Amino acid sequence: MRTVIVRLVEPEQSGGQLRGLLEEVGGEAVPFVGADALMELLNAAAGLKRDLA
């Protein structure tokens, strides 16, 4: 695991869905739609893999 600094760029909630851009400091902003997609991006940035069991 590693420490990462991220920021949400232009977050909004529309139709019950969270959406926006997630930017890792020093990296490109990546779009996401939905809380699950946001968590997947955060896990990937931190170098974590989800256990799907």
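The values are calculated or read from the model by the stated rules, or taken from the named source; none is laboratory data. Since this is a predicted model, take the numbers as computed values, not measurements. Cβ placement follows ideal geometry from the backbone for every residue including glycine, while neighbour counts extend to all protein chains displayed. Just the protein is used for accessible areas: all its heavy atoms, side chains included, with ligands, DNA and RNA removed. Shrake-Rupley method; radii C 1.70, N 1.55, O 1.52, S 1.80 Å.
Quick look at the values:
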{"item": "Contacts under 7 angstrom Cβ, first residue in the stretch 1-27 being touching a residue at least 24 places away in the same chain (Cβ under 8 Å), partner open to solvent by less than 70 Å² (accessible area, probe 1.4 Å) and assigned to a loop (DSSP other than H, G, I, E, B), 6 or more apart", "result": "MET1/GLY47; ARG2/GLY47"}
{"item": "Residue ID - least open to solvent (accessible area, probe 1.4 Å), chosen from residues in the stretch 4-49 that are part of a strand (DSSP E or B) and polar (S, T, N, Q)", "result": "SER14"}
